[in-house]
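Asks: Structure provided below as structure tokens; questions to follow.
Just so it is clear, none of the values below were taken in a lab; they were calculated from the coordinates. What you see is a predicted model, and the numbers here were worked out from it, not measured in a lab. Methodologically, a virtual Cβ is constructed for each residue, glycine included, from the backbone with ideal geometry; neighbour enumeration extends over all protein chains shown.
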Amino acid sequence: MPVARPEPQEPRVIAHVDMDCFYVQVEQRRNPALRGQPTAVVQYNDWKGGGLIAVSYEARKFGVKRSMRGDEAKMVCPSINLVQVPVARDKADLNVYRSAGSELVAILSTKGKCERASIDEVYLDLTDAAKEMLLESPPELLELIFEEATKSNILGLPSDIGNREDSVRAWLCRADADYQDKLLSCGAIIVAQLRVKVLEETEFTCSAGIAHNKMLAKLVSGMHKPAQQTVVPSSAVQDFLVSLPIKKMKQLGGKLGSSLQDDLGVKTVGDLLSFAEEKLQEYYGVNTGTWLWKIARGISGEEVEDRLLPKSHGCGKTFPGPKALRNNASVKSWLDRLCEELSERIQSDLNQNKRIAQTLTLHARASKGNECDSIKKFPSKSCPLRYGTGKIQEDAMKLFESGLHDFLGSQNTKWSITSLSVSASKIFDIPSGTSSILRYIKGPNSTVSPANLDCSLPQDPSLGNKLYITPNHEEQCEPSSSEKEDRGKNSNLDKQHQVKEEKRMSKKLTDVKGTCSILKFLSQSSPVVNEKRKLDSLTCSHPGPESSSEPNKAEEHKSAQPFDRNKSNPSGSNSASSSTWMFNVEDIDPAVVEELPPEIQREIHGWIRPPKHSSSKTRGSTISSYFQPAKRS
DNA sequence: ACGGTTAATACG
DNA sequence: TCGTATTAA
């Protein structure tokens, strides 16, 4: 249910930018022959030509709809080009679209706060940029109003008289406009510039809405498509909303919207205006009631979050009809594939963005084989996420078995799974260089950046599972060729200093059984310390043979997996080390901890599970406070 | 037993 | 907190 947010006092300038038939544009860029042609993107085309997930505007003219199958599309538009979504591991692979999406974010995040709302949409808070523009080069003084901006659609502006662009230019430059409208004008110009930049740098067109809040911006971003933008002056809001069908409002496209229509006879947003806030609260609860009352008046306080990356990663697949999975082996084989993809994705998130996911969740849809009875839901299950493909696969299978157990209850009946998905959530940034353990290991005056810290397991298994943390210590770790190259760059380090550094860093953290997370060391990652499994959450597996052990038994986790700080990590300055090893704090030998200075000991103890019914105060420690998500008001 | 896949949010 | 439900693109 939606909830109203307190709205800021000052007028804001908010934009919603939305790519035009995004997947199609991505494919058209990959294959320019498709440009200007009726085109659709389909996934899995063996059944009825596949399902359409994006349709070009040329194809829409023929009546091709997103809900169609490839075969249908061919019927109404024989000349249509159907491009398939890439397939990996026998499932749709959306990576090309994801990375195209980040191209946009990279461009759009250059002017003000930017929120990645989906793979192809962003919100921008341009308030500051607009204010600045108003001070320095207000539109009324601008000799040449940016051409793209004059193509804007201005809500409430009479469109039937004279040259449209002239009247838009006149509106944008109006000297007698009120402050709010002037800000919007600046916003419109900035967005126009950004959209041109997006086109120039990515070859993608987009549409946008510019308004005083997210709701209105989103509402109009799709109003004039493709490749156009629409502005909502305050003065136009009421007229615009009164006649707007209730279902067009974000959040009202589903059951809530239907209920408004069916139960209260509310067909348009205007119809909502006649209901007192208290009435709406009676029907839908305090939160939703207030929210409804406000949105009917164009009021929405939602802030644009400063977030360029997704909050979770998931992958799944459906197994419709005859494809349903009917035994553990087929579930396992699919689950393994899904987990492989998920593992790859969180691993690259770690490498590229220094973020760690903490929770693994499994969802499934199931029906019971023999009885065609209750459509009972397959429960979703989650557990701490341990890094490493094998670990994720193991854990996901366990989650499935647990879910299946709950699903079946005591009955001993056949079952079938019609969809499976795994996701990784609760993703946190790794604060770099802030941990005292890191400072201890590195020394207070170390010139070595966190990215340079070398933490390695001996590559020779016969050396056992002792873990060493060492700055490029050759006797202990045979460096990769790339490491050797990088090492040259550091040769100017003071020799004396380096020797000292090595002494300290090569302090053996022995017998940790290879399972502590160095990231835990580096970042004190987990505020989640209440259960044993969670301490495992950052464990990685060794690139070598996966242990087939019980995931719950930490002592059997003898492996750790590196992540590559060199690859695709431009910010990593001079990255001397090739990898960071993860191991499990829980498994640190207490004797080793005792050798550490008291403040480090305290820090480590802070990571380790508190007594059973400890208060939530453990979360207030300086360590875990790094990990509190940014508070929103 | 078909639009599939991926996300985000709110509630209890 | 987890698990569910709703919504959206």
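Asks: Just want to confirm a number: the relative contact order over region A:313-429, from Cα pairs under 8 angstrom separated by 6+ residues, in percent.
Replies: Details: 208 pairs, mean separation 53.8, N = 117.
It rounds to 46 percent for region A:313-429.
Asks: Relative contact order for region A:31-187: what is it in percent, counting Cα pairs under 8 Å that are at least 6 residues apart?
Replies: On the way: 194 pairs, mean separation 23.1, N = 157.
About 15 percent, as a whole number.
Asks: Give me A:Tyr44, A:Tyr123 ranked fewest to most by other Cβ atoms within 10 Å of their Cβ, as a rough exposure proxy.
Replies: Values: A:Tyr44 18, A:Tyr123 24.
Ranking A:Tyr44, A:Tyr123 by Cβ neighbours within 10 Å, fewest first, gives A:Tyr44, A:Tyr123.
Asks: Explain nothing, just compute: Karplus ³J(HN,Hα) = 6.51 cos²θ - 1.76 cosθ + 1.60, θ = phi - 60°, for every residue of region A:165-177 in order, whole Hz, x for Gly and Pro.
Replies: Taking θ as phi minus 60°, the curve returns 4, 5, 5, 5, 4, 4, 5, 4, 9, 2, 6, 8, 5 Hz for region A:165-177.
Asks: Also, I was wondering about something else. Give me, ordered by chain and number, the residues 5 or more places off A:Ala92 or on other chains with an amide H under 5 Å from its own placed amide H.
Replies: When sequence neighbours closer than 5 places are left aside, there are no close amide H contacts.
Asks: Once you sort the root eigenvalues of the Cα gyration tensor of region A:267-376 as a ≥ b ≥ c, which label holds: rounded (a/c under 1.5), prolate (a/b larger than b/c) or oblate (the other case)?
Replies: Values: a/c = 3.80, a/b = 1.52, b/c = 2.49.
Judged from the Cα gyration tensor, region A:267-376 comes out oblate (a/c at least 1.5, b/c at or above a/b).
Asks: I'd like the Karplus ³J(HN,Hα) series for region A:261-278: coefficients 6.51, -1.76, 1.60, θ = phi - 60°, whole numbers in Hz, and an x wherever there's a Gly or Pro.
Replies: 5, 6, 8, 10, x, 8, 9, 10, 4, x, 4, 5, 4, 7, 9, 5, 3, 5
Asks: Same structure, new question: Amide H of A:Leu309 versus every other amide H placed in the peptide plane: which residues, excluding those fewer than 5 positions away on the same chain, fall under 5 Å?
Replies: The list, which skips near neighbours in sequence, is A:Arg116.
Asks: Roughly how far apart, in whole Å, are the Cα centres of region A:270-349 and region A:389-425?
Replies: So the two Cα centres are separated by 21 Å.
Asks: Now for a different question. So how far, in whole Å, is the C-alpha centre of region A:1-39 from the one of region A:239-256?
Replies: Rounded to whole Å, the Cα centres lie 19 Å apart.
Asks: Compute the Cα gyration tensor for region A:20-88, then decide on rounded, prolate or oblate, letting a ≥ b ≥ c be the square roots of its eigenvalues: rounded whenever a/c is under 1.5, prolate when a/b is larger than b/c in the other cases, and oblate in all that remain.
Replies: On the way: a/c = 1.68, a/b = 1.07, b/c = 1.57.
Oblate is the answer for region A:20-88, as a/c is 1.5 or above yet b/c matches or exceeds a/b.
Asks: Sticking with this one: Can you give the convex hull volume per residue for the Cα atoms of region A:166-310, as a whole number of Å³? Don't skip to the answer; put the middle values down first.
Replies: On the way: hull volume 21.3 nm³, N = 145.
Cα-based convex hull of region A:166-310, divided per residue, equals 147 Å³.
Asks: Please sort A:11-18, A:357-364 by packing, taking for each peptide the average over its residues of neighbouring beta carbons within 10 angstrom, highest first. Can you show the working numbers first?
Replies: On the way: A:11-18: 25.9, A:357-364: 22.2.
Ranked by mean Cβ neighbours within 10 Å, highest first: A:11-18, A:357-364.
Asks: Full extension from A:Arg355 to A:Asp90: what is 0.36 nm times the residue separation minus their Cα-Cα distance, to one decimal in nm? Intermediate results must be reported in sequence, preceding the final value.
Replies: Working: separation 265, 0.36 × 265 = 95.40 nm, distance 2.76 nm.
Length gained, A:Arg355 through A:Asp90: 92.6 nm.
Asks: So, by mean Cβ neighbours within 10 angstrom, what's the order for A:384-394, A:337-347 with the highest one leading?
Replies: Numbers: A:384-394: 23.9, A:337-347: 20.5.
Result, highest mean first: A:384-394, A:337-347.
Asks: Could you give the length gained by full extension between A:Ser274 and A:Asp406, i.e. 0.36 nm per residue of separation minus their alpha carbon distance, to one decimal place? Each step should come with its number before you reach the end.
Replies: Details: separation 132, 0.36 × 132 = 47.52 nm, distance 4.72 nm.
Length gained, A:Ser274 through A:Asp406: 42.8 nm.
Asks: Let me ask something else about it. I need the calculated FRET efficiency for the pair A:Ile161 and A:Glu132, taking r as the beta carbon distance and R₀ as 45 Å, to the nearest 0.05.
Replies: Values: r = 33 Å, r/R0 = 0.74.
With R0 = 45 Å, the Cβ-Cβ based efficiency is 0.85.
Asks: Related question: How big is the convex hull of the Cα atoms of region A:120-237, per residue, in Å³?
Replies: Details: hull volume 12.7 nm³, N = 118.
That works out to 107 Å³ per residue.
Asks: Among A:Ser300, A:Ser410, A:Ser419, which comes first, second and so on when ranked by fewest other beta-carbon atoms within 10 Å? Walk me through the numbers on the way to the answer.
Replies: Details: A:Ser300 23, A:Ser410 5, A:Ser419 16.
Lowest count first: A:Ser410, A:Ser419, A:Ser300.
Asks: May I ask you to compute the full-extension gain from A:Asn287 to A:Glu10, defined as 0.36 nm times their residue separation minus their alpha-carbon distance, rounded to one decimal in nm?
Replies: Working: separation 277, 0.36 × 277 = 99.72 nm, distance 2.33 nm.
In short, 97.4 nm is gained.
Asks: Rank these for me by crowding, A:Met223, A:Met68, A:Met19, going from fewest to most other beta carbons within 10 Å. Don't jump to the answer; show the numbers that get you there.
Replies: Details: A:Met223 16, A:Met68 22, A:Met19 26.
So the ranking, lowest neighbour count to highest, is A:Met223, A:Met68, A:Met19.
Asks: With the crude spin-label approximation of a point 7 Å out along Cα→Cβ, what separation in nm comes out for A:Ser259 versus A:Ser67?
Replies: Here the modelled spin labels are 2.4 nm apart.
Asks: With r as the distance between the Cβ atoms of A:Ala106 and A:Lys398 and R0 = 41 Å, compute the FRET efficiency 1/(1 + (r/R0)^6) and round to 0.05. Walk me through the numbers on the way to the answer.
Replies: Working: r = 39 Å, r/R0 = 0.94.
Approximately 0.60, to the nearest 0.05.
Asks: What distance in nm lies between label points placed 7 Å from Cα along the C-beta direction at A:Val3 and A:Lys376?
Replies: In this crude label model, A:Val3 to A:Lys376 measures out at 3.2 nm.
Asks: I would also like to ask the following. Would you kindly derive the ³J(HN,Hα) couplings of region A:189-206 from the backbone phi angles with the Karplus curve 6.51 cos²θ - 1.76 cosθ + 1.60 (θ = phi - 60°), listing them in order in whole Hz, with x for Gly and Pro?
Replies: 5, 4, 5, 4, 5, 4, 5, 5, 5, 4, 4, 4, 8, 10, 6, 9, 9, 9
Asks: If packing is taken as the average number of other Cβ atoms within 10 Å across a peptide's residues, how do A:59-67, A:22-30 rank, most packed first? List each step's numbers first, then the result.
Replies: Numbers: A:59-67: 15.6, A:22-30: 21.8.
Packing order, densest peptide first, comes out as A:22-30, A:59-67.
Asks: According to the square roots a ≥ b ≥ c of the eigenvalues of the Cα gyration tensor, what is the shape class of region A:1-150, taking rounded for a/c under 1.5, prolate for a/b larger than b/c otherwise, and oblate for the remainder? Show your work: numbers first, answer last.
Replies: Details: a/c = 2.53, a/b = 1.96, b/c = 1.29.
Prolate.
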